[in-house]
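These notes concern the structure reproduced below.
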C-alpha cells in the first residue's frame, strides 16, 4: 500500500519537496477517529461538562495542521514539481478536510446550530465521492482500492451528517444516522492509518535506495 504520489523535481531545480502524504493520512486518521468518538458520545449523550470543548480544540488543532499540509501540496506543484493529478486529488481533499475540521471546531466550541456545518460537510462529501471515482477510473496511487475506500468512506460519512442534523433530536433515525457516520469514520481512520504506515515505510525505502 505504498503511495503513488511521487513529486519528481524538474532537472533545473536544486531542491526537492517533502512528500506530505504520510502526514496528511495520519491527520485524516486522527480526525476521523476523533469524529467517530465524538459522534458516539453525542448519540449516547455521554459528554461531560468539558468534553465538547476538548474536542473542539483537538478538531481545531488537526484542522490547522491539515491546512498547512494542503499548502505544502499546492506549493510543490507551483514551485516546479508537477504532479497535477495528485495535486488536484490530494490537495483539494486535504483543503476540504481542513475546512471541515476547523468548521467542526468552531461549531462545537460555540455550541451553535449544527445544520449549517452539515451543509459544509455535504458539499465536501460530493467532491470526495468524485475523488473516489477518479481514483478507480484512472488507477491512481499504488493502492487504488484502499485510496478509493478512504475517499468513499469520507464522502459518505460527510453526506450522512446532513440528514442526521435535520432529524429530530430524540428520534431513532437520528441515532442510526449518527452511528452510521461514526462507523464510516472508523473505516476512514483505519484505511488512512494503514495506508499512512505503509507509505511511511515505502518513502524511507525509496530514500535509502536512492
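Does residue 126 count as closer than 20 Å to residue 89 by Cα, touching a helix residue (DSSP H, G or I) at 6+ places or on another chain (Cβ under 9 Å), surrounded by 18 or more Cβ atoms within 10 Å (Cβ to Cβ) and without any contact (Cβ under 8 Å) to a residue 40 or more places away in the chain? I'd like the intermediate steps shown before the answer.
Working: closer than 20 Å to residue 89 by Cα: yes; touching a helix residue (DSSP H, G or I) at 6+ places or on another chain (Cβ under 9 Å): yes; surrounded by 18 or more Cβ atoms within 10 Å (Cβ to Cβ): no; without any contact (Cβ under 8 Å) to a residue 40 or more places away in the chain: yes.
For residue 126, the condition - closer than 20 Å to residue 89 by Cα, touching a helix residue (DSSP H, G or I) at 6+ places or on another chain (Cβ under 9 Å), surrounded by 18 or more Cβ atoms within 10 Å (Cβ to Cβ) and without any contact (Cβ under 8 Å) to a residue 40 or more places away in the chain - is not met.
Scan the stretch 195-205 for residues that are more than 19 Å from residue 140 (Cα to Cα) and within 25 Å of the chain's Cα centre (by Cα) and the total you get is 2.
Every condition in (1) touching a residue at least 60 places away in the same chain (Cβ under 8 Å); (2) within 30 Å of residue 167 (Cβ to Cβ) holds for residue 52 except the one numbered (1).
Among the listed residues 65, 23, 40, which satisfies the condition of being in contact with a helix residue (DSSP H, G or I) (Cβ under 8 Å, 6 or more places away or on another chain) and closer than 21 Å to residue 146 by Cα?
Numbers: 65 fails: closer than 21 Å to residue 146 by Cα; 40 fails: closer than 21 Å to residue 146 by Cα.
None of the others qualify; the one that does is 23.
Residue selection: residue 55 satisfies the criterion of being at pLDDT 95 or above and surrounded by 15 or more Cβ atoms within 10 Å (Cβ to Cβ).
Confirm whether residue 11 is surrounded by fewer than 18 Cβ atoms within 10 Å (Cβ to Cβ), at pLDDT 85 or above and not in a helix (DSSP H, G or I). It is false that residue 11 is surrounded by fewer than 18 Cβ atoms within 10 Å (Cβ to Cβ), at pLDDT 85 or above and not in a helix (DSSP H, G or I). With respect to residue 99, determine if the residue is closer than 27 Å to residue 48 by Cα and in contact (Cβ under 8 Å) with a residue 24 or more places away in the chain. Considered against the rule, which asks whether it is closer than 27 Å to residue 48 by Cα and in contact (Cβ under 8 Å) with a residue 24 or more places away in the chain, residue 99 comes out as yes. Checking residue 141 against (1) surrounded by fewer than 21 Cβ atoms within 10 Å (Cβ to Cβ); (2) under 19 Å from the mean Cα position of the chain (by Cα); (3) modelled with pLDDT under 95, only one condition comes out false. Which one? (1) is the only condition that residue 141 fails. Among the residues of the stretch 110-123, those that are buried (at least 16 other Cβ atoms within 10 Å of the Cβ) and in contact (Cβ under 8 Å) with a residue 24 or more places away in the chain comprise 114, 117, 118, 121, 122. Inclusion of residue 140 among residues that are more than 20 Å from residue 41 (Cα to Cα), outside any helix (DSSP H, G or I) and out of contact with any strand residue (DSSP E or B) (no Cβ under 9 Å at 6 or more places or on another chain) is warranted. Looking at 169, 190, 199, 158, just one residue is surrounded by fewer than 22 Cβ atoms within 10 Å (Cβ to Cβ), out of contact with any strand residue (DSSP E or B) (no Cβ under 7 Å at 6 or more places or on another chain) and either modelled with pLDDT of 95 or more or in a helix (DSSP H, G or I) (or both), and that residue is 190.
The set of residues from the stretch 109-118 being closer than 18 Å to residue 160 by Cβ and in a helix (DSSP H, G or I) comprises 115, 116, 117, 118.
The values are calculated or read from the model by the stated rules, or taken from the named source; none is laboratory data. Remember, predicted model here, so these are calculated numbers, not experimental data. Note that we place each Cβ from the backbone using ideal geometry, even for glycine, and neighbour counts take in every protein chain shown.
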